[in-house]
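Undergrad: This is the structure I want to talk about, given as structure tokens.
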Amino acid sequence: MGIKAVIFDLDGVICSTDEIHYRAWRAIADEEGIPFSRKDNERLRGVSRMASLEIILEKAKRPYSPEEKEALAEKKNQIYVEGLSSIGPSDIDPGARKALDYLGEHGLKKAIGSSSKNTKRILGRLGIADEFDVIVDGNDIKRSKPDPEVFALAADRLGLPHGECLVVEDAVAGIESARSAGCLAFAIKDARKCPLKDYEGENAGDIVPLLEEENR
Ligand code: B16
Ligand code: MG
């Protein structure tokens, strides 16, 4: 079988922290009088905290100093982290749960490749931090998706050729990252519009038929 491991994106794939991100950025944008819609929010998927702020500030009426940007990013994170206190094991996406169970039963490796610096906190709240062989997150990388760094590092830490790792992503930037890292890319949600995807489905659970097919 070609696929030996699955590298999951976190936000939007394992759980829906995207709404908590949205509400936190919305609070910052409102306070600063910057227009920020759900459509604008789509551009922030998979993008690092600072790069997300830069996108929001594109619509600002004045320039912001590096110190002001640091302060806004910090404030957004405080609001976001407060929002995370509401999540727990029941917030694991059922499709992701199905995929993780299948991988466990078939001896395939599991990894996380996320841009989020809050990855360990989120996995802890979901109660699944111990399920993964490898976790690469925003603290391990210098360049955010669509750069290949996050998935290349996850595949290297798994000790596998990149082409034997399947990445599951909900963001276009994530599919671009996976493909430039030489991994296979499974697109769900917004990422399905990315022409670089190798496979697509509704949610992470849809990788199971693909893996079953490969196992046959
Ligand atoms: P943090 P993912 C990404 O997570 C989110 O999609 C993106 O909206 C967020 O800005 C980024 O993490 C950084 O998050 O502020 O917690 O470091 O989709 O790569 O799991
Ligand atoms: Mg995501």
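The values are calculated or read from the model by the stated rules, or taken from the named source; none is laboratory data. Quick caveat: nothing in here was measured; it's all calculated off a predicted structure. Cβ sites come from the backbone with ideal geometry, for glycine too, and all protein chains shown count toward neighbours. Just the protein is used for accessible areas: all its heavy atoms, side chains included, with ligands, DNA and RNA removed. Shrake-Rupley method; radii C 1.70, N 1.55, O 1.52, S 1.80 Å.
Undergrad: Quick check on my filter: what residues within the stretch 1-44 are within 15 Å of residue 115 (Cα to Cα), near ligand 1 (Cβ under 9 Å from one of its atoms) and not hydrophobic (A, V, I, L, M, F, W, C)?
TA: Those that are within 15 Å of residue 115 (Cα to Cα), near ligand 1 (Cβ under 9 Å from one of its atoms) and not hydrophobic (A, V, I, L, M, F, W, C): 9, 11, 12, 17, 18, 21.
Undergrad: Also, I was wondering about something else. Please work out which one of (1) within 15 Å of ligand 1 (Cβ to nearest atom); (2) of a type outside the set (Lys, Arg); (3) part of a loop (DSSP other than H, G, I, E, B); (4) out of contact with any Ser or Thr (no Cβ under 9 Å at 6 or more places or on another chain) is the condition residue 107 fails and give its number.
TA: It fails just one condition, (1).
Undergrad: On to the next question. On the given criteria, is residue 86 in a helix (DSSP H, G or I), of a type in the set (Gly, Ala, Ser) and either surrounded by 18 or more Cβ atoms within 10 Å (Cβ to Cβ) or away from ligand 1 (no atom under 15 Å from the Cβ) (or both)?
TA: no
Undergrad: Among the residues of the stretch 155-184, count how many are within 16 Å of ligand 2 (Cβ to nearest atom) and either under 13 Å from the mean Cα position of the chain (by Cα) or open to solvent by 40 Å² or more (accessible area, probe 1.4 Å) (or both). Step through it out loud before you land on a result.
TA: To start, the set of residues in the stretch 155-184 that are within 16 Å of ligand 2 (Cβ to nearest atom) comprises 166-179, 181, 183.
Filter once more, keeping what is either under 13 Å from the mean Cα position of the chain (by Cα) or open to solvent by 40 Å² or more (accessible area, probe 1.4 Å) (or both): 167-179.
Residues that pass the stated criteria total 13.
Undergrad: Which strands (runs of 3 or more DSSP E) sit wholly inside the stretch 112-214 and have at least 2 residues that are farther than 23 Å from residue 43 by Cβ? Can you show your working first?
TA: On the way: elements: 134-136, 165-169, 184-187.
Output list reads 134-136, 165-169.
Undergrad: Go through (1) open to solvent by less than 60 Å² (accessible area, probe 1.4 Å); (2) more than 16 Å from ligand 2 (Cβ to nearest atom) one by one and return the number of the condition residue 80 breaks.
TA: All conditions are met except number (2).
Undergrad: Restricting the search to the stretch 38-96, which residues are acidic (Asp, Glu) and under 23 Å from residue 190 (Cα atoms)? Walk me through how you get there before you give the answer.
TA: Here is the first cut: in the stretch 38-96, the residues acidic (Asp, Glu) are 40, 42, 54, 58, 67-68, 70, 74, 82, 91, 93.
Listed by number, the residues that qualify are 40, 42, 54, 58, 91, 93.
Undergrad: Give me a count of the residues in the stretch 25-50 that are outside any loop (DSSP other than H, G, I, E, B) and either more than 16 Å from ligand 2 (Cβ to nearest atom) or surrounded by 16 or more Cβ atoms within 10 Å (Cβ to Cβ) (or both).
TA: Within the stretch 25-50, residues that are outside any loop (DSSP other than H, G, I, E, B) and either more than 16 Å from ligand 2 (Cβ to nearest atom) or surrounded by 16 or more Cβ atoms within 10 Å (Cβ to Cβ) (or both) number 13.
Undergrad: Residues 143, 125: which one is at pLDDT below 95 and surrounded by fewer than 22 Cβ atoms within 10 Å (Cβ to Cβ)? Working first, answer last.
TA: Working: 125 fails: at pLDDT below 95.
The match here is 143.
Undergrad: Scan the stretch 52-62 for residues that are surrounded by fewer than 17 Cβ atoms within 10 Å (Cβ to Cβ) and within 14 Å of ligand 1 (Cβ to nearest atom) and jot them down.
TA: 54, 55
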